[in-house]
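Read-outs throughout are calculated quantities, based only on the coordinates presented, and are distinct from any laboratory measurement. These numbers come from a predicted model, not from an experiment. Every residue, glycine as well, gets a Cβ built from its backbone with ideal geometry; the counts of neighbours run over all protein chains shown.
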Amino acid sequence: MSIRFTRSIVASCAILSCAWVQPLAAQRRSITPTELGQIADAVFGALVPPDSSLSRVPMRDRRLVFDRERTIASFEQAAAPHASFADLQLRTLTTTGTRAVLDDCSQLVAKSCSGLGWNVYTWLQPISIADSVAVVRAHFLWADRGGLQFHEGVAPTGPARLVGFTTEAHLVREAGGVWRFSHVGITNVM
């Protein structure tokens with residue numbers, strides 16, 4: 001290995017280590033259940049607004065299946081107080097669901113994905129939370145049904161592949177204490 005190549009690797013590693021978000025433990029701040037609801041609303045409004053589409057189906061025609069239990073559990077591990085679903089005071093219209101909606105879905109093989117239907121399964125995980133800045137990882141999964149047309153009130157038929165994305169959502173806390181979406185960080189498409 002050449003010296004120039006070795007220096008390049010060392011320099012790249014140094015740059016990457018500076019770019020990483022500090023671990024949650026280093027920036028831990030306890031947030032209230034209402035703040036968690038504000039964060040969820042801001043993330044959902046920015047990343048999957050009603051006028052956007054996922055696999056040719058507008059979000060206004062889909063429902064968000066929000067895994068609130070999984071989200072609350074991950075924030076509790078980050079020292080947030082225990083919260084009930086009502087404590088979140090979400091403004092975004094969601095239904096409650098768990099990973100079970102994905103039981104008959106696969107990314108590798110087309111399956112019925114009937115548990116998910118036309119819906120989008122989502123959950124959030126904290127990466128870092130400070131007094132005025134938060135970074136959360138938002139996950140979104142849905143069934144890509146190819147050319148099958150969406151018809152309101154009609155359950156989808158035929159095989160589908162599970163697709164989605166995970167992204168880092170950066171939020172800032174306004175002077176009034178409300179969390180708002182700032183920008184997207186690293187995104188992985190599945």
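Structure notes:
- The mean sequence distance of close C-alpha pairs (under 8 Å, at least 6 residues apart), as a share of the length of the range 24-189, puts its relative contact order at 24 percent.
- Here the range 51-97 and the range 114-190 have alpha carbon centers that stand 9 Å from each other.
- Fewest-first sequence of 35, 69 by Cβ atoms within 10 Å of each Cβ: 69, 35
- Per-residue Cβ neighbour rank within 10 angstrom, fewest leading, 190, 59: 190, 59
- Taking the number of Cβ atoms within 10 Å of each Cβ as an exposure proxy, the fewest-first ranking of 39, 186, 72 is 186, 72, 39.
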